[in-house]
Amino acid sequence: MIPRVIHQTWKDQDVPARFLDAQRSWQDAHPDWEYRFWTDEDLAALVRERAPELVPLYESYPEAIQRVDAARYVILREFGGVYADLDLHCLRAMDSLREAEVVLPRTTPFGMSNQFMLSVKGHPLFHHAVASLPRAYRKWGRV
């Protein structure tokens, strides 16, 4: 079952005012869930502690968003729960989705979005996502 924890990230604790309503919507819709807010510094520590094999790649990414994208996969691999970008508003509680092992939004014409993801802790998809980051960067130059 997907854990009752919501993960969100921003570069530091100073979340811009334009995101505060969306951020609060997740907490308001899930008052009894754990809420974990990760700064860039927190994400770097997470990668060092939980995915040390990624540290050289993580530190070499030229763009901050590449580090954030990589860390999202580590978060869900290590803890599970809900990851949501700060600009996404929560319209209703996620309880009905908790029975799934993984929930990913589909994008068109193909692919999936990493702005909103749910997963059980340790799902093979996120083990694979983390393990494939070096290969993806060598091939495409991005996460």
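What follows is calculated from the coordinates using simple rules that are stated; it is not laboratory data. Keep in mind the model is a prediction, meaning the values are calculated, not measured. Heads up, the Cβs are rebuilt from the backbone with ideal geometry, glycines too, and the neighbour counts pull from every protein chain shown.
Scan around TYR35 for amide H atoms under 5 Å from its own, H built in the peptide plane at 1.01 Å from N, and keep only partners 5 or more places away or cross-chain.
Those qualifying (amide H under 5 Å, at least 5 residues apart or on another chain) are ILE6.
Please rank PHE110, PHE19, fewest neighbouring Cβ atoms within 10 Å first, as an exposure proxy.
Fewest to most other Cβ atoms nearby, the residues stand as PHE110, PHE19.
Can you tell me what the convex hull of the Cα atoms of region 16-143 projects to on average, as an area in nm²?
Its average projected convex-hull area is 8.6 nm².
Need the full-extension length gain, GLN115 to SER96, defined as separation in residues times 0.36 nm minus the C-alpha distance. One decimal, nm.
Extra length available between GLN115 and SER96 comes to 4.9 nm.
What does a probe at ARG48 reach in region 14-37, counting residues whose amide N is under 20 Å from the point 7 Å along Cα→Cβ?
Label zone hits: 37.
Expressed in nm to one decimal, what extension gain is obtained for the pair VAL15 and MET1 from 0.36 nm per residue of sequence separation less their Cα-Cα distance?
2.0 nm
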